[in-house]
1. Where in the range B:274-350 are there strands (runs of 3 or more DSSP E), lying fully within it, with 3 or more residues that are closer than 19 Å to B:Ala234 by Cβ?
2. For the range B:310-331, what are the residues that are over 14 Å from B:Pro356 (Cα atoms) and surrounded by fewer than 20 Cβ atoms within 10 Å (Cβ to Cβ)?
3. Out of everything in the range A:17-38 that is in a strand (DSSP E or B) and buried (at least 21 other Cβ atoms within 10 Å of the Cβ), what residue ends up being nearest to the other protein chains (Cβ to nearest Cβ)?
4. Listed residues B:Ile323, B:Ile328; which is among the hydrophobic types (A, V, I, L, M, F, W, C) and within 21 Å of B:Asp228 (Cβ to Cβ)?
5. Taking the range B:101-117 only, how many residues are part of a strand (DSSP E or B), more than 23 Å from B:Ala252 (Cβ to Cβ) and not basic (Lys, Arg)?
6. B:Gln164: without any contact (Cβ under 8 Å) to a residue 24 or more places away in the chain and of a type in the set (S, T, N, Q), yes or no?
7. Report the residue count in the range B:250-270 for those that are touching a strand residue (DSSP E or B) at 6+ places or on another chain (Cβ under 8 Å) and in a loop (DSSP other than H, G, I, E, B).
8. Inspect the range B:262-284 for any residue being within 14 Å of chain A (Cβ to nearest Cβ) and surrounded by 14 or more Cβ atoms within 10 Å (Cβ to Cβ) and give the result as yes or no.
Amino acid sequence: MNIMKDLKYTETHEWVRLEGNRAYVGITDHAQSQMGELVFIELPVVDDEIGKGDPLAVVESVKAASDVYAPLTGTIIEINEELEDNPGAVNEDPYQSWFAVIEISDSEEIDELMDADAYEAFCQQEE
Amino acid sequence: MKKTPLYELHVQAGGKIIDFGGWALPVEYEGIIREHETVRTAAGLFDVSHMGEILVEGPDAEKYLQKMLTNDLAPMQDYQVYYTFMCYPDGGVVDDLIVYKYNANLYLLVVNASNKDKDYEWLLQHRAGQVTITDVSDNYALFAVQGPNAQRILQDMTSTDLNQIKFFRFSSEVIIGDTPVMISRTGYTGEDGFELYLSPDQAPSLWQKILEQGQKHGLRPVGLGARDTLRFEAALPLYGHELSADISPLEAGLGHFVKFSKSDFIGKEALLRQKEGGVKRKLIAFEMLERGIPRAGYEVQADGKTIGYVTTGGIAPSLNKNIGLALIASDYAQEGQTIEVAIRKRSMRALIIPKPFYSKKYKKA
């Protein structure tokens, strides 16, 4: 399982890449591997406000639909529409396949996210 | 979790193991869609050893089973296989199963793994006459070899002419490789193929032999994920979805396997009432007209009200469409009728179409 050193993580298997007050959000290699081949992705709407822990997107594999949760509170300022046409990109390259960019409204929430080591330990403990 | 004799081989082959009703089984090896296509175009090897087997024997076996099952066993020949239901008095389904007839004194029932204990109890409760009922599930491993190349692959491994085993027939004395098996031309994929019953201790070696022999004909191991998409495309019912204690065979559109012409069987009265009065709900097939994937349990709506629910939904890998089966109010159950499926917060349009989605490629001649 691949975990990127420079990203932050949630217990619901989202990754976060911080660029200033913008947060790119995707799902981890572990998450995509658990789901299997993705066949459908439903993205949020730009300009929507979202709270930490709210459903941000939906990913569907052949077998099931799962929610992707917002790791941080803020406003959706960009979505990766390419994923709608090519959901399999998330399987191939989960850390390049960002779902949405959130403009963060509460930077203190960043401290609640896990670093790579903590996430790795978390995944091992889950198994 | 219970393990089949092939558990270690599944893990070694990279199978993704899940808990399937208490059994540790592979949901996929290399991806559900690829495995699905393998079965449609070449051949797949499935471990379905979790299925339950119950032996019914004795001079009153036929009479007893006629009472327990909805299909009519009277015309059944030795070494024939029937699909049938076992119903409750109210017409709900205890289980759907296949019956193997060795002779009028000896039948093998093959039942759903998750229903096996319940079925066995039900059968014992209603035991009558000179009949012995035995749960022999632990005596059998079960493989399914399914797909257009299935026969070619197995024929290379046996001196028995497999053309002699017709659709829904079986032979109990066939050697595949050097392993004795009971083999039937049956399956759950909508393709031609066979199911092999064998001793659990011989299962790992035969599994590996079939994989080796089948490789040149495109055979690959296939997990439970593709087993479900394959049966779904062929509109074959799955207990707990299209059939249950609350869904009768007539509602599911499977009245063909309920024979009112035979003498009394459990559920006959209730089912006859349903047949004469017309069922209030019907199982229909639909395809989505909007971008969304229907899933089991989603509500189906029309005229602004809820008319039923999706029993199985998903993408159809062979058809590249989003499709579903749904149990809905009979008033709406006409092909060509537009319905709506509640997918998360939205209602998305769908069209009722004929079943099955994928026409079965059985070798019936």
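The values are calculated or read from the model by the stated rules, or taken from the named source; none is laboratory data. What you see is a predicted model; the values in this text were computed from it and never measured. Don't worry about glycine lacking a Cβ; one is built from the backbone with ideal geometry, like all the others, and counts go over all protein chains shown.
1. B:281-288, B:305-316, B:321-329
2. Across the range B:310-331, the qualifying residues are B:Asn320, B:Ala329, B:Ser330, B:Asp331.
3. The first filter runs over the range A:17-38 and keeps only residues in a strand (DSSP E or B), leaving A:17-19, A:22-27, A:38.
After this cut, where a residue has to be buried (at least 21 other Cβ atoms within 10 Å of the Cβ) as well, the list is A:23, A:25-27, A:38.
On the way: A:Ala23: 24, A:Val25: 19, A:Gly26: 21, A:Ile27: 17, A:Leu38: 11 Å.
So the residue we want is A:Leu38.
4. Details: B:Ile328 fails: within 21 Å of B:Asp228 (Cβ to Cβ).
After ruling out the rest, the residue left standing is B:Ile323.
5. Adding up the residues that qualify gives 5.
6. Numbers: without any contact (Cβ under 8 Å) to a residue 24 or more places away in the chain: yes; of a type in the set (S, T, N, Q): yes.
In short, yes.
7. Of the residues in the range B:250-270, 8 are touching a strand residue (DSSP E or B) at 6+ places or on another chain (Cβ under 8 Å) and in a loop (DSSP other than H, G, I, E, B).
8. The first filter runs over the range B:262-284 and keeps only residues within 14 Å of chain A (Cβ to nearest Cβ), leaving none.
No: the range B:262-284 contains no residue that is within 14 Å of chain A (Cβ to nearest Cβ) and surrounded by 14 or more Cβ atoms within 10 Å (Cβ to Cβ).
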